[in-house]
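**Student:** Pasting in a structure now, in structure tokens, and then I'll have a few things to ask.
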Amino acid sequence: MLQRLLPSRPVRLLAVVGLLAVLAVPACGNSESSSSTTLPPVPESDYVDQTGKAEITIQAVDNSYRSQYTKVSPGTKVTFENRGRNPHNVIAVQEGQFTDIPTDKFQPGDSGTITVPDTPGEVPYYCSLHGTPRAGMVGRLLVVADK
Ligand SMILES: [Cu+2]
């Protein structure tokens, strides 16, 4: 009787340790994924005000956008001009907010036009050759409703 009970103790201990490990892993994974999708905030005073215009221009140089942060009205057409010596591109961080300007159409001297959404909000973009969605060659449009 005693010999049949003894082996079950270490087995039960292993089961408890295994359960704790399973519970701990998803908690770590969730906090990492949520922080990587949140962009650093940009104060509204950092934005160049270009509201009330149907069309504006933003330059891409090596390696940044000028202006980097631009406030626009809904539906504005934004023309990006590559004034640098290197190829660049303009990629929407949130896929589908506008049609990306690909590298093969944004060589030095090229320009491409996007239309910002009709709804107020932030429209972050970046150059995938010289940045990531969060850092490097990044820019942001702030769409604000007309008064
Ligand atoms: Cu670039």
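**Student:** How much net charge surrounds ILE56 when only other residues with a Cβ under 13 Å from its Cβ are counted (Lys, Arg +1; Asp, Glu -1)?
**Tutor:** Values: positive: LYS53, ARG66, LYS71, LYS77; negative: ASP49, GLU55, GLU81.
Charge balance in the 13 Å sphere: +1.
**Student:** Give me the one-decimal nm value for the distance between modelled label points at THR57 and LYS147, 7 Å along each residue's Cα-to-Cβ direction.
**Tutor:** For THR57 paired with LYS147, the spin-label model returns 2.8 nm.
**Student:** Same structure, new question: How long is the gain from GLU95 to SER111 if the chain were fully straight, where each residue apart is worth 0.36 nm and the alpha carbon distance is subtracted? Present the calculation step by step, with values, prior to reporting the outcome.
**Tutor:** Details: separation 16, 0.36 × 16 = 5.76 nm, distance 2.07 nm.
Once the chain is fully extended between GLU95 and SER111, it gains 3.7 nm.
**Student:** Reachable lysines from LYS53, Cα under 17 Å, same-chain residues fewer than 8 places away excluded?
**Tutor:** Here the lysines satisfying the reach criterion relative to LYS53 are LYS71, LYS77, LYS147.
**Student:** In whole percent, what relative contact order does segment 44-143 give with Cα contacts below 8 Å and a gap of six or more residues? If you can, show how the numbers build up before the last one.
**Tutor:** Values: 246 pairs, mean separation 28.3, N = 100.
In percent, rounded to a whole number, it is 28.
**Student:** If you rank LEU141, LEU39 by how much accessible surface each has, with a 1.4 Å probe, what is the order from largest down?
**Tutor:** Reading off the accessible areas and sorting them downward yields LEU39, LEU141.
**Student:** Here's a follow-up. Is the shape of segment 39-144 rounded, prolate or oblate, going by the alpha carbon gyration tensor and its root eigenvalues a ≥ b ≥ c, with a/c under 1.5 for rounded and a/b larger than b/c for prolate?
**Tutor:** Numbers: a/c = 1.57, a/b = 1.33, b/c = 1.18.
Judged from the Cα gyration tensor, segment 39-144 comes out prolate (a/c at least 1.5, a/b above b/c).
**Student:** Let me ask something else. Tell me, what ³J(HN,Hα) does each residue in segment 52-62 have, in order and in whole Hz, if you take phi through Karplus 6.51 cos²θ - 1.76 cosθ + 1.60 with θ = phi - 60° and put x for Gly and Pro?
**Tutor:** x, 10, 6, 9, 9, 10, 10, 9, 9, 10, 9
The values are calculated or read from the model by the stated rules, or taken from the named source; none is laboratory data. Computed from a predicted structure; not experimentally measured. Every residue, glycine among them, receives a Cβ derived from its backbone with ideal geometry; neighbour counts consider all protein chains shown. What goes into the accessible areas is simple: the full protein's heavy atoms, side chains included, and nothing from ligands, DNA or RNA. Shrake-Rupley method; radii C 1.70, N 1.55, O 1.52, S 1.80 Å.
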